[in-house]
Every structure is written in C-alpha cells, then in structure tokens.
Amino acid sequence: MKTGTSSYNLTLFLLICFMVTGLSAQKGNDLVTPESYFGFQPGSDRMLFTYEELIAYLEKADAMSPRLKLVEIGKSPQGRVIYITFISSAENITNLERLQVINKKLALDPALSEQEKSNLIKEGRVFVLATLSMHSGEVGPSQSAPLIAYDLVTTSDPEKLGWLDDVVYMMVPCHNPDGMNMVVNHYKKYKGTKYEGSSMPGVYHKYVGHDNNRDFVILSQEDTKAIAAIYNKTWYPQVMVEKHQMGSTGPRYFVPPMHDPIAENVDAGIWTWTTLFGSNLIEHMTAQGLTGVSQHYLFDDYWPGSTETCLWKNVIGMLTEAASVQYAKPIYIEPNELRVYGKGLSEYKKSINMPEPWPGGWWRLGDIVEYEVASTYSLIETSSLYREKILTFRNDLCKREVKKGETEAPYYYIFPSDQHDSSELVNLVKLLDEHGIDVYRLSAAVIIDGREYKKNDIVVPLAHSFRSFIKEVLETQEYPVRHYTPGGKIIKPYDITSWSLPLHRGINSYEINQRSEELENNLQKIDKSFQLKEKAPENYWAALFSVNHNESFQAIFQAHQEGLEVSRTTASIKIDQKIIPAGSFIVQNTSGSLNKLIENLSVSPIYLTEKSTVKTVRIKFPRIALVETFFHDMDAGWTRFIFDKYNISYQIIHPGDFKDKNFTKKYDLVVFPDSPKSILMDGKLKSKNEYFISSYPPEFTKGIGKDGMKKLMTFLDQGGLIVSWGRSVRMFKGTLEIPLGKDEGEEFQLPFDDVSEQLQKEGLYFPGSLVKINIVPDHPLTFGLPSEIGVFYRGRPAFTTSLPRFDMDRRVIASFPEKNILLSGYSEKEEKVGNKSAMVWLRKGKGQLVLFAFGPQFRASTQVSYKLLFNALLLKNHN
C-alpha cells in the first residue's frame, strides 16, 4: 500500500511539473516577435529603435516569460535606468539569488574545502555577461538584443534549452542609454537626406563619448560604476564579453584571442580560456558561412580601463568587433578597398588569423546583427560545454591569487596617513572599495625593514582574490615591450601606458616586499565611509581650506554658488605647529550653508575661532567660456565633467560661434582643451598639409576663422585670459594680429615655440606616460603643489621660450628635468625633451595666456595636476 501511494504521488508530482513547464513554455511562446513589436525586423536597412523602445520590449518579455528577468542596476549620467537582462531556464531564473551566492563564494572564498567547492560547482551555473553598444555609433549589438532575447525565451530547440540549463546569460542591452538615443535621433533627423549616415556631432554621452571605455579604473561615470559593480561587488560572472564595432573596410569581425602585448599580471589561465572561447567563435561562425572573421588582430590587452578590466578580477573577459555601416545605412565595399592595418594581419588575404576573408560587396546592419547573434550563441554554447571546468577554474584562481599574496612579493601597499593631499587619499580608499578591494588602517605603529609605519596609515594587502588588479593599479607601470621579429620593431601600445593610482593622484605609497606578522595583527578594516573629519566647534569665525587639497577647490567654488565670500591667503599661516601654505582659502561662517557644504567633504577644514590677521585677497570668480568642437571632442567633455564635479560655472562655446561673440563683455577667461588647430580654426582635419572633409553635417563644421580669431585677440588685448593645452596651443604659435581698426592691426609673435615635431623626428616618443616635471615654487599658478609632480604626457607639445619684445613677457612655470623623466609607462629617447618647458605663462599687454604641454585633467585620472588648472582659472585675482 505504501509503495502504491508513493508511486501515485510521484506520478502526480511529475504530471504537475510537466503541466507547469508546459504552461511556462506556452507563456513564453506568446511573446510577440520583435518584428511585430517594432514594426520592422531588427537589423533592417535604415531602421533603428530607441533605448526606451528596446527596454519596453524586454519588459514585455519579462512579464510573459519565466526565462527572462530584467533587473535595474543603476542610472546613466542623464538619469536613464540601466538594466541587466537575465536569460536562462525558468529554474535558474527562479534561483538567481542562490546562484548569486554561489558565484560570490567561488570568486572570493579561498578557504572552501574540496567538498564544499564540489557541491557549489554541481549546483552553480556559468554566468556570461555581455555589455552591448557602449560606443553608441556601434549600433549593431543593441539592435540585435531583442532577437536574442526572443529566440532564447521561446525556443523549443533541445540544444539551446540545454545551454540555458547550464548558463545564465546576463545581457546589458545597452551600456550607454543616453548615447544610444543621441545616435538614433541623429540618424532619424537626417534619414532620407544627403546627410543620412553622417557622424553625430558632439560626444554620444553626457561627457566622455568613446572614452567611456577608458573609465574602468577611475570609475568616474555613473554608467561605468553600474557596469563595473556587476563583476566587482554583486554578481561575479565567470565570463564577460563587450561587443563593439570597428572600421568598415577591414575584416568583418574580430574575436579573441587578442594580439600581444598582454597584461603580465593576469593569470595565464585567463588567456588560455579566451583562446578556447575565441577558437570556438571563429569555428562556429565560419561554419555558418560568416566570412571575414579574424583573431590575433589589432586589439591587445595589456592595459586596464576598458570593460575588460574584469580580466584583472579573474573573469574570462573578451572583446568582439564587427565591421561598421553608417549606423543603419548599408554600404557597398569594392574588393580593392578592403585593407588591414595595425598588427596581426599584414595583407587582406587568407591567413591563420583570418582563414576565410570576406570578398566585398554590400554590408548591412542586418549582417552585423547576424554576426552578433551567432557570436553570442557560440559564447553561451562554449560556457555550457565547459560549465564545471569554468566554475572550478574560478575558485582555483581565487585560491592561487590569495596564495601568491601570502607567499610572493609584494605583500602590501602602504599609504601614509599624512599626505600632501589628504582628500585624494580618501578618494583612493573609496575607489579601491568600489573595486571590491579590502582596505585597512594600522591600529598601531609597526616597523618593517627599518621603516616605521604609523598608526592610521592605510594598508592594502595583496592576499586577495583580485591580487592582479591590486598590483596592476598600485605599482609603477613598465610597458611589456614585445617585438614583431627578434630585434625588430616593437609592437606599439594600443592606448596609454600609465595608470598607477598613487602616482596619478600624488599619493605617497610604499610597496612592501617583506611579509610582516606584526602588521597583519594590527589591521582594522575600513570601507567607503572612510573620512578624515573632525567635529566642527559650535561657534567659529571662518573655515580655512588648505590649497594642498583638491577638495578645497570643490568647496570654494560651491561656496561661491551659495553666495559666500571667499578670500585667498597671500602668505602661509602657522596653526597648531602646522603650516598652511599661501593660496589657501578662507570662507567666513556667515550662514548655515557653510556647515552644510562642509558636511559633504571628506576632509575637515581648519576652523578659525577668531578673525585672522593674515593678508588675503578676495576672490572674484571668473566667467569662463569653454571651447568645445562638434568633432567628438572627448577632452572637452572630460573638462566639462571636471568643472561640473568641482562646481565650476562655465558656458560652452563652439568654434563657429566666435565671430558673433563679444568675449570681453561676457567672459574673463577662455579655456581651450586639447583639439587640433585645423579643427578649431577651419572645421577640418589637417594631416601633412592636406585637409580632409569630415563626415559631419556642414552646420557642425564651422571653424573660428579669421573673424573669430580677431574677436579672440581683441579679448586678449583688453585683458582677457586664455588657458590652453595639448594640440590647441598651436593656435597661439607664430604670427598673431590684434585688430586696431577697419583695415589696421598689430602683428606680434608670443615669445614661445612648440618644438615637439622636430623632437619626434629625432625619435622622441611618449605614447601616453606619466613624466616628471619641476615646478616653480610660490607662484599663483603653482599654489598647493610640491616642487615636482608627475603629469600625463604624449610627447607633444614641448615648449621653448625666447626674449620678449615690446609689451610681452613670459615665465616658465614648469619644465621637464634633464634626465630620469619617465615615472611610469614607456618612452623612447626621452632625453630629447630634457630641460624643455612643460608649462608657460605669457603676457601680451593687459592679456595673459597659460599654456600646458600636457592635459592637466586627462580623463579625470591625473588628480596630481588638477591644481595647475584650478589655479589658472583663478589667476586674474593675483595680478
């Protein structure tokens, strides 16, 4: 009787399960097709949907299918919600929370026993993260998202259902929602006109455009933070792919593995896994008739900063790139137009790195979408096939990295609590916490190798699952030089070669190569709430903000916006045996808004309980014009971001606006970020004395021109201040003219020159490195800075100065040393720039210019040099 009852109950249970499964499948099958929903098949010629339309479809899929779940993970810079779309079996979607716990244990717990690990692997699933279309002109990946989602939630294909049993596909349907809408709206605006498919003017992001894929160390942008948190702090996927597009006339598709050089701190196993995935990708796609798939081509993986920074967090991180069309407009490519460049392919021919070349012809958005779907399924299939090995590898690598941190130098990095800029120390601690790194402070002084480290000094141990990341971003960079042939040409860097967080922030750091039990017994964990604050007295006359702290500038610009009076000291002050340098700021406590302002800071000011007798000047805050071109001007975008972050008011002006501007009436200061002179002056890119017509609609290609330059020179003559860096400084080289009347003018040449072109011909090469400069002390432009710092430099410009004539003058504010110039990264023949000027101040009559050979705010990653820019903005207060 018992046996019969048990058999009956089992049969009933299986019947119910079958019915539920059938109903669930039927529910998913009721989802409307993408073609019916959007009114066109995604990938169709000249058709695009917006971000909101994409999310609305995925929300419908979420409501109708147990295989898909949409989860909010953050906001874009313009406030749009960013999502992960989880796609898997209904059972896995129901168990997401449990699977998330398993992911975290495998990723971060080195103490798992073999039995515990085995149990977790048996229960766990491979999570594959795909981030789509972060570069918004690369529309194909996001346009493919509904097709992938629909197919996977409605399929009855046993093979695909098997994948979904083993794998949770985590699709970020659009990495950059703001940019997606900008590009789609631009395309639709010009659709059907001669300018259909033209480049979108400006950056496809609130601030940084294409450079959003350079932000994954700094984590400055809100969308970057949302994506990075997926593998830093929340879901810990084992596999990741970021999906991009590339140029139109080369291979049709790129898949891993990458080309040399690769990051030396990343475990060899990560690279071999990317090779396995890449081998399957090229095999699967070529077998499906998708030609022109390449690998070991163009793209390398030695530098962190892209979404693939997850590689340093033990994720099998990869990149794919599809050949582009003109957004949704198809293009025809003649066979003779097909070419390769960079590295990995020397000819557009059949080779081991591209075994089946594409022959040419029509190339459409639909082709890109087809390649995207195929590559996505290959990644999911490989993850399913190797589920147990991938999960095993993740915890094995965790154990290996922790063991390295316990047995191999370096063992710790220590940041003394007493720093030149304490606010940047706090910011660094918070950033490391955001990266999922454990940070501690010493509870007592310890001595290691003869050096005393004090109580409250900051310690970052390397016995951590993310050891490779810790070492990568805290050590000094040395570019991994590789050659195409023995003794031949070096493989040049794809991007920058320095990203050391302590060096770029001006933080004093010690690499400890000796393990210390005493230190490990005196560690107290800290987190993102870390501050260096003290309670304010109930009554105080004013707050004194040290010019050494970047945060002080943030405070005083905010104070100005609150209507508070700000003064600047002209001499140093000694308070409680501490010297507060000249150029620091005093804000009187005349309203409650000062206390509220201070609450938002990470470092306390010095509270002055009685009126100070130190000599000060009252700060008059400048009216700033910030010049931004329409040519995807990322450096101007980064400048906007810094200005907004530091509460600096400004107005954007475009080159074509100059001729109609009365600069003297409206502005005190004009800022020129890094941009080519030809684009600024003529609205065209110039190379080797030849101009190239841009792909922008003509209304966005207007340059400053002669009339606009006359307006700018009048502004200078009447006492205006011009601040310029990078390539834009060539605007002020050579013969300039101040208009004096209808047909008259005063010609002059400023007493400086840019000699970088000649130095480069002689072999000078900085691909993007941190270099040393010596700084003139006690100058209004150098308040708050030590005698030498590192700045981010690309080898141009390089200044020399000359004896001034008439009403002109010049001062060298900073210069490159004669030798030992490179601090971090890579250089060739660095001595060529030895003793050249890196920053100069110039005067012409009542007007002034401040010229930088480097970007003082490069990608929001060079906090060490911010004060040079901030001081320049306030320079007119010190004349």
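The values are calculated or read from the model by the stated rules, or taken from the named source; none is laboratory data. Predicted model only: the values in this text are computed from it and were never measured. Note that each Cβ is placed from the backbone with ideal geometry, even for glycine, and that neighbours are counted across all protein chains shown. Please note that ligands, DNA and RNA were not included when accessible areas were found on the heavy atoms of the full protein model with its side chains. Shrake-Rupley method; radii C 1.70, N 1.55, O 1.52, S 1.80 Å.
For residue 641, are the conditions met, namely being out of contact with any Asp or Glu (no Cβ under 8 Å at 6 or more places or on another chain) and open to solvent by 50 Å² or more (accessible area, probe 1.4 Å)?
On the way: out of contact with any Asp or Glu (no Cβ under 8 Å at 6 or more places or on another chain): yes; open to solvent by 50 Å² or more (accessible area, probe 1.4 Å): no.
So residue 641 fails the test.
Out of contact with any Pro (no Cβ under 9 Å at 6 or more places or on another chain) and among the β-branched types (Val, Ile, Thr): is that true of residue 598 in this structure?
No.
What pairs come out if I take residues in segment 736-752 that are open to solvent by 30 Å² or more (accessible area, probe 1.4 Å) and pair them with residues that are hydrophobic (A, V, I, L, M, F, W, C) and at pLDDT below 95 whose C-beta lies under 9 Å away, six or more apart or interchain?
Sorted first by the residue in segment 736-752, then by its partner, the pairs are 746/740.
Can you list the helices (runs of 4 or more DSSP H) found entirely within segment 139-249 that contain at least 2 residues being under 25 Å from residue 654 (Cα atoms)?
177-190
Counting only residues that are part of a loop (DSSP other than H, G, I, E, B) and either buried (at least 16 other Cβ atoms within 10 Å of the Cβ) or modelled with pLDDT of 90 or more (or both), how many does segment 676-692 have?
Our first condition is that a residue be part of a loop (DSSP other than H, G, I, E, B); within segment 676-692, this holds for 676, 683-684, 688-689.
After this cut, where a residue has to be either buried (at least 16 other Cβ atoms within 10 Å of the Cβ) or modelled with pLDDT of 90 or more (or both) as well, the list is 676, 683-684.
The qualifying residues number 3.
Just one of (1) out of contact with any Gly (no Cβ under 6 Å at 6 or more places or on another chain); (2) surrounded by fewer than 23 Cβ atoms within 10 Å (Cβ to Cβ); (3) not in a strand (DSSP E or B); (4) not charged (D, E, K, R) trips up residue 440, so point out which.
Status for residue 440: all satisfied but (3).
Taking into account only those residues within segment 644-660 that are open to solvent by 40 Å² or more (accessible area, probe 1.4 Å) and either in a loop (DSSP other than H, G, I, E, B) or of a type in the set (A, V, I, L, M, F, W, C) (or both), which is farthest from residue 708 (Cα to Cα)?
Looking at residues that are open to solvent by 40 Å² or more (accessible area, probe 1.4 Å) and either in a loop (DSSP other than H, G, I, E, B) or of a type in the set (A, V, I, L, M, F, W, C) (or both), I get 649.
Restricting to segment 184-221, count the residues that are farther than 24 Å from residue 674 by Cα and either among the hydroxyl-bearing types (Ser, Thr, Tyr) or out of contact with any helix residue (DSSP H, G or I) (no Cβ under 6 Å at 6 or more places or on another chain) (or both).
Within segment 184-221, residues that are farther than 24 Å from residue 674 by Cα and either among the hydroxyl-bearing types (Ser, Thr, Tyr) or out of contact with any helix residue (DSSP H, G or I) (no Cβ under 6 Å at 6 or more places or on another chain) (or both) number 13.
Applying the selection to segment 281-294, what residues are within 30 Å of the chain's Cα centre (by Cα) and either of a type in the set (Val, Ile, Thr) or open to solvent by 10 Å² or more (accessible area, probe 1.4 Å) (or both)?
Of everything in segment 281-294, those that are within 30 Å of the chain's Cα centre (by Cα) and either of a type in the set (Val, Ile, Thr) or open to solvent by 10 Å² or more (accessible area, probe 1.4 Å) (or both) turn out to be 282, 293.
Among the candidates 443, 383, 378, which residue alone is more than 25 Å from residue 305 (Cβ to Cβ), in contact with a helix residue (DSSP H, G or I) (Cβ under 6 Å, 6 or more places away or on another chain) and at pLDDT 95 or above?
From the options 443, 383, 378, the qualifying one is 378.
Test residue 613 against the stated conditions and say whether it is over 28 Å from residue 859 (Cα atoms), free of Cβ contacts under 8 Å to residues at least 24 places away in the same chain and among the β-branched types (Val, Ile, Thr).
Criteria met by residue 613.
Can you tell me which residues in segment 563-584 are farther than 12 Å from residue 612 by Cβ, at pLDDT below 95 and either touching a Cys at 6+ places or on another chain (Cβ under 9 Å) or among the charged types (D, E, K, R) (or both)?
Residues satisfying the conditions are 576, 578.
Out of curiosity, is residue 392 under 30 Å from residue 504 (Cβ atoms), among the β-branched types (Val, Ile, Thr) and more than 28 Å from the chain's Cα centre (by Cα)?
On the way: under 30 Å from residue 504 (Cβ atoms): no; among the β-branched types (Val, Ile, Thr): yes; more than 28 Å from the chain's Cα centre (by Cα): yes.
It is false that residue 392 is under 30 Å from residue 504 (Cβ atoms), among the β-branched types (Val, Ile, Thr) and more than 28 Å from the chain's Cα centre (by Cα).
I'd like the full set of residues that are open to solvent by 20 Å² or more (accessible area, probe 1.4 Å) and closer than 17 Å to residue 841 by Cα, limited to segment 762-785.
Once the filter is applied, which keeps residues that are open to solvent by 20 Å² or more (accessible area, probe 1.4 Å) and closer than 17 Å to residue 841 by Cα, segment 762-785 yields 774, 776, 777, 778, 779, 780, 783, 785.
Within segment 474-490, does at least one residue satisfy the condition of being within 26 Å of the chain's Cα centre (by Cα), modelled with pLDDT of 95 or more, over 26 Å from residue 772 (Cα atoms) and among the β-branched types (Val, Ile, Thr)?
No, every residue in segment 474-490 fails to be within 26 Å of the chain's Cα centre (by Cα), modelled with pLDDT of 95 or more, over 26 Å from residue 772 (Cα atoms) and among the β-branched types (Val, Ile, Thr).
Please determine, by comparing only the residues of segment 178-213 that are touching a residue at least 40 places away in the same chain (Cβ under 8 Å) and small (Gly, Ala, Ser), which one is surrounded by the fewest Cβ atoms within 10 Å (Cβ to Cβ).
197
Check residue 606 against each of (1) of a type in the set (Val, Ile, Thr); (2) in contact with a strand residue (DSSP E or B) (Cβ under 8 Å, 6 or more places away or on another chain); (3) modelled with pLDDT under 95 and name the one condition it does not meet.
Result: residue 606 fails condition (3) only.
Just to confirm my filter: which strands (runs of 3 or more DSSP E) fall fully inside segment 519-630 and include at least 1 residues that are of a type in the set (Ser, Thr, Tyr) and surrounded by fewer than 19 Cβ atoms within 10 Å (Cβ to Cβ)?
On the way: elements: 523-526, 542-545, 566-569, 573-575, 578-580, 585-588, 606-608, 616-618, 624-627.
Correct list: 606-608, 616-618.
I need every pair where a residue in segment 663-680 that is closer than 15 Å to residue 852 by Cα has its Cβ under 9 Å from the Cβ of a residue that is among the acidic types (Asp, Glu) and open to solvent by 20 Å² or more (accessible area, probe 1.4 Å), sequence separation at least 6 or different chains.
Short answer, once both residue conditions are applied: 673/635; 674/635; 675/635.
Just to be sure before I move on: is residue 616 in contact with a His (Cβ under 9 Å, 6 or more places away or on another chain) and of a type in the set (Ser, Thr, Tyr) in the structure I sent?
For residue 616, the condition - in contact with a His (Cβ under 9 Å, 6 or more places away or on another chain) and of a type in the set (Ser, Thr, Tyr) - is not met.
For residue 436, work out the one condition from (1) on the phi > 0 side of the Ramachandran plot; (2) of a type outside the set (Asp, Glu); (3) over 24 Å from the mean Cα position of the chain (by Cα) it doesn't fulfil.
Here residue 436 meets the rest and fails (3).
If I filter segment 494-548 down to residues being in contact with a Ser or Thr (Cβ under 9 Å, 6 or more places away or on another chain) and acidic (Asp, Glu), which single residue comes out as modelled with the lowest pLDDT?
If we take residues in segment 494-548 being in contact with a Ser or Thr (Cβ under 9 Å, 6 or more places away or on another chain) and acidic (Asp, Glu), then 534 is modelled with the lowest pLDDT.
Quick check on this structure: which one of 708, 703 is part of a loop (DSSP other than H, G, I, E, B), surrounded by 19 or more Cβ atoms within 10 Å (Cβ to Cβ) and modelled with pLDDT of 95 or more?
Within the list 708, 703, the selection yields 703.
Select from segment 146-177 the residues that are among the aromatic types (Phe, Trp, Tyr) and open to solvent by 10 Å² or more (accessible area, probe 1.4 Å) and write down the one among them that is farthest from residue 38 (Cα to Cα).
Filtering segment 146-177 for residues that are among the aromatic types (Phe, Trp, Tyr) and open to solvent by 10 Å² or more (accessible area, probe 1.4 Å), the one farthest from residue 38 (Cα to Cα) comes out as 163.
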